[in-house]
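Every read-out reported here was derived from the displayed coordinates using simple, explicitly stated rules and does not represent laboratory data. Model, not experiment: these values are computed from the prediction. Every residue, glycine as well, gets a Cβ built from its backbone with ideal geometry; the counts of neighbours run over all protein chains shown.
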Ligand SMILES: Cc1cc2nc3c(=O)[nH]c(=O)nc-3n(C[C@H](O)[C@H](O)[C@H](O)COP(=O)(O)OP(=O)(O)OC[C@H]3O[C@@H](n4cnc5c(N)ncnc54)[C@H](O)[C@@H]3O)c2cc1C
């Protein structure tokens, strides 16, 4: 049976040795009173226990049983409801939530690692709680005091859950096309009418209420995305004394039958004049929703890392046990009929690729968590602005690169098992199916690439890029003779030159950015991981134990075997858009 154990050693290494999180927490007053190294350690230990003992055991059975729809009601697989109750009572949904309403106020650096454990243990289960945490974040940032006081405490406790209602059948990437309407009622509420599709956790039996955050258009709203407003629509209306009242007019019409994350209910939601309340300002709903969407983008990126880690752990165990053929240099286990497959170069290539990509991703997620903490808690305005800029620049990379490399890793993990990776028993095929959606939802990876190159690099002519590049150069300048300094600077220089080239060429041809965007995002991702691996290598240098030695060896593998991928990507990104438009639509 597949097993999952949270990679605690690596998480601690990142927090304490690479990013010195305790020192950061100490200097941010809002965090200093809540967390230190010992508390962080205790939280991670407990999270690891929950992921292993409560959540992971439901992964396989959840996949086999799936979520079920019956006459508007959705039933989650056996065990999910009890586990979600325990999880909520433990405060995990509000781990990084606002303490004023019952959240624990923990730093994002810690919560990204916690989320990785949950996705690694059981991606379907994790989605219910991360959607709730994201909805809480948006409500906390944009809703009135009355709405916050009414909804946040029960959501943090896990008694109520959240959902994100954006997509409609004809409006996915282009939300400006949505048709859901919001008509003002006389009491200050709104009547919401329309149909949303693909809504994760839109209906479920885990919680007694579900709080939908819904994008809709007010009468006379401007067309397109400038006319979208955000509404809070509860499944069950809440009385003034906080008790539950009448059922609201929102119902689940059906759930999707899909490739993976089968225990996560993907719902068609019908709003038939449902009562809702405006969150934030009229027609500014998309901007408000971005608070939740940015949270979910990083979170879904982390789904890629979590699934890849699970796949890696099981692939390593299998490769140590499975005996096939002799090692190229001659027998290693003379008493056995064959050697373990971990002796073969190609199996090592797959395992090291998984290890280097997953640990690189974990480092980058923790690094982003650090900047989210600075952006939220620093008392220095310039420092906050700098971190906000970095988070804006790097979030699309986290979403798309973590998930593209997450799928690559899960496919390698499956391959290590040979035919046994294709059948159910070993769990590898489920991971491939479960991770695949992470490239699609929360904005497809193609849309993330356009966001990165178009909005985050071209629009401001590289201002945000220069902050990141400056940080890497300053890092190298501290110890210029280090093993990886030269190659890191070389990759950065190539990315910088490509950025300047695309900034220039995109001014004259509107097709160029779209043609280069996905390759550009990958080049950026590999360069960002090179920065992470250089930081991890510096932290591991001079330490003789096996963990730190393995870190250094993996850093070498990353620089020698994975970073060179940028060479072919750069060639492709520079070719331009013309070759994409030689064929007429009919010629495909
Ligand atoms: C299992 C599941 C769970 C989901 N959960 C939720 C949820 O909780 N809430 C919610 O609101 N939605 C949810 N979604 C919807 C999801 O976010 C959308 O499917 C996704 O954003 C893509 O939209 P679409 O499916 O309409 O594809 P389309 O927008 O039609 O895109 C089709 C293809 O065209 C490409 N494309 C589109 N526009 C452009 C462009 N301008 N330039 C280049 N390429 C472009 C896309 O990248 C994609 O490859 C979920 C979907 C699934 C399958």
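Gyration tensor analysis over the Cα atoms of segment 290-445 returns equivalent ellipsoid semi-axes of 39, 17, 10 Å (largest first, whole Å). Computed over segment 478-543, the Cα gyration tensor eigenvalues convert (square root of 5λ each) into semi-axes of 31, 12, 6 Å, ordered from largest to smallest.
If you average 1/r over every pair of different alpha-carbon atoms in segment 354-410 and take one over that average, what Kirkwood value in Å do you get?
Details: mean 1/r = 0.0834 Å⁻¹.
Result for segment 354-410 stands at 12.0 Å.
The largest-to-smallest principal axis extents of the Cα set in segment 237-310 are 46, 30, 26 Å. Using just its DSSP H runs of length 4 or more, each adding -39500 (n - 2.57), the chain gives a mean residue ellipticity at 222 nm of -17500 deg cm²/dmol after division by all residues.
Its alpha carbons considered, segment 57-159 gives a radius of gyration followed by a Dmax of 14.5, 43 Å.
Values of log10 I(q)/I(0) for segment 464-515 across q = 0.21, 0.24, 0.26 Å⁻¹ run -0.76, -0.88, -0.96, by the Debye formula with one identical scatterer at each alpha carbon and no solvent. Taking the inverse of the mean reciprocal distance over all distinct Cα pairs, the Kirkwood hydrodynamic radius of segment 246-356 comes to 19.3 Å.
May I ask you to derive the FRET efficiency for residue 334 and residue 41 from their Cβ-Cβ distance with R0 = 45 Å, giving the value to the nearest 0.05? Could you put the intermediate results ahead of the total?
Working: r = 44 Å, r/R0 = 0.97.
With R0 = 45 Å, the Cβ-Cβ based efficiency is 0.55.
With N the number of residues in segment 309-381, Rg(Cα) / (2.2 N^0.38 Å) evaluates to 1.77.
Considering only alpha-carbon pairs that sit under 8 angstrom and 6 or more positions apart, the relative contact order computed for segment 165-218 is 44 percent. Restricting the calculation to Cα atoms, every distinct pair contributes to the Kirkwood radius of segment 527-588, found to be 14.4 Å. Give the shape of segment 115-245 as rounded, prolate or oblate, defined through the alpha-carbon gyration tensor: a ≥ b ≥ c are the square roots of its eigenvalues, a/c under 1.5 means rounded, and otherwise the shape is prolate if a/b is larger than b/c and oblate if not. Because a/c hits 1.5 or more and a/b fails to exceed b/c, segment 115-245 counts as oblate.
Quick check: convex hull of the Cα atoms in segment 87-131, volume per residue, rounded to a whole Å³? Let's see the in-between values first.
On the way: hull volume 2.9 nm³, N = 45.
Once divided by residue count, the hull of segment 87-131 is 64 Å³.
Using only alpha carbons, the chain has a radius of gyration to Kirkwood radius ratio (Rg to Rh) of 0.97.
In this rough spin-label picture, where each label sits 7 Å from Cα along the Cβ direction, the residue 208-residue 20 distance is 4.9 nm. Spacing of the modelled spin labels on residue 543 and residue 144, each 7 Å from Cα toward Cβ, amounts to 5.2 nm. Rounded to the nearest 0.05, the FRET efficiency derived from the C-beta distance between residue 583 and residue 504 at R0 = 22 Å is 0.20. Calculated on the Cα set of segment 411-503, radius of gyration then Dmax: 19.6, 51 Å. Within segment 459-588, the percentage of alpha carbon pairs spaced more than 19 angstrom apart rounds to 56%.
Size descriptors for segment 16-74 (Cα atoms only): Rg and Dmax, in that order, 19.1, 54 Å.
Across all directions, the shadow cast by the convex hull of segment 1-105 built on its C-alpha atoms averages 8.8 square nanometres.
Would you mind putting 206-219, 490-503, 105-118 in packing order, based on average other-beta-carbon counts within 10 Å, highest first?
Values: 206-219: 22.2, 490-503: 17.7, 105-118: 25.9.
Ranking the peptides 206-219, 490-503, 105-118 by packing returns 105-118, 206-219, 490-503.
A viscosity of 1.567 mPa s and a temperature of 4 °C, combined with the Kirkwood radius over Cα pairs in Stokes-Einstein, give a translational diffusion coefficient for segment 364-460 of 85 µm²/s. How much FRET efficiency would the formula 1/(1 + (r/R0)^6) give for residue 9 and residue 186, where r is the Cβ-Cβ distance and R0 is 56 Å, rounded to 0.05? Once rounded, the FRET efficiency stands at 0.40.
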